[in-house]
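Asks: Mind looking over this structure? Questions follow.
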Amino acid sequence: MRVIIQRVKQASVIVEGQEVANIEQGLVLFVGIGKGDGTDDMEYLSKKVSNMRIFEDEQGKMNLNIQQANGQILSVSQFTLYANTDKGNRPGFEQSAEPAMAKECWIRFNGLLRENGITVAEGIFGAHMSVRLINDGPVTIWMDSKRPS
C-alpha cells in the first residue's frame, strides 16, 4: 500500500462539475492499493498517518499530528501510485490491486483513520476526479507499507 501525504490549507474534489468533498486545514492522501495488500498494510499506514507530526507548533516546528492540529483528511484513491515505468514510456499498472479489492481496502483504510478520531472526506473511487488543493509548506511525504522506515 502506498500513500502520498500532502499537508494542505484546503482541498476539494470535483467530479463531473460537482464538488463531492472538501476540507480545510489538514492532509490530502493519495492512496494506492497494490496486489497482496491487506489488513496489516492498512493498519500500519493508518497509524503512521494519524501520528505523523507534520503540523507546526507554537515555535514553528513540525511537532503536531493531525488531531493536535485540528485537521481533516481528504482521501483520494489513486491506482497510478503503482505505475511501473521501468520499460518504455507508457506506464504499466500490473502491480495495482484489482478494482473491487482496492475499493474495499481503501474504504477500510479510511474507516481506520476515522476510528483514530479523524474526520475523513473522500473522493469517489474509480471516478475521474479534479483535485484542488493549496499545499501548505509545501509538505509532501511518500509512504509504502512494504518499505517501512
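The values are calculated or read from the model by the stated rules, or taken from the named source; none is laboratory data. Note that the structure is a prediction, hence the values are computed from the model and not measured. Quick reminder, even Gly has a Cβ in these numbers, built from the backbone with ideal geometry, and neighbours come from all protein chains shown.
Asks: Do we have Arg114 as basic (Lys, Arg), at pLDDT 90 or above and either touching a helix residue (DSSP H, G or I) at 6+ places or on another chain (Cβ under 7 Å) or assigned to a loop (DSSP other than H, G, I, E, B) (or both) here?
Replies: Numbers: basic (Lys, Arg): yes; at pLDDT 90 or above: yes; either touching a helix residue (DSSP H, G or I) at 6+ places or on another chain (Cβ under 7 Å) or assigned to a loop (DSSP other than H, G, I, E, B) (or both): no.
When the stated conditions are applied, Arg114 does not pass them.
Asks: Could you look through the stretch 134-149, keep only residues that are within 13 Å of the chain's Cα centre (by Cα) and surrounded by fewer than 18 Cβ atoms within 10 Å (Cβ to Cβ), and pick out the one that is farthest from Asp41 (Cα to Cα)?
Replies: Only one residue tops the list, namely Thr140.
Asks: If you check Val139 against the conditions, is it in contact with a Leu (Cβ under 7 Å, 6 or more places away or on another chain) and closer than 16 Å to Val3 by Cβ?
Replies: No: the conditions fail for Val139.
Asks: Can you go through Ser96, Ser77 and tell me which one is buried (at least 17 other Cβ atoms within 10 Å of the Cβ), more than 14 Å from the chain's Cα centre (by Cα) and among the small types (Gly, Ala, Ser)?
Replies: Only one candidate passes the filter, namely Ser96.
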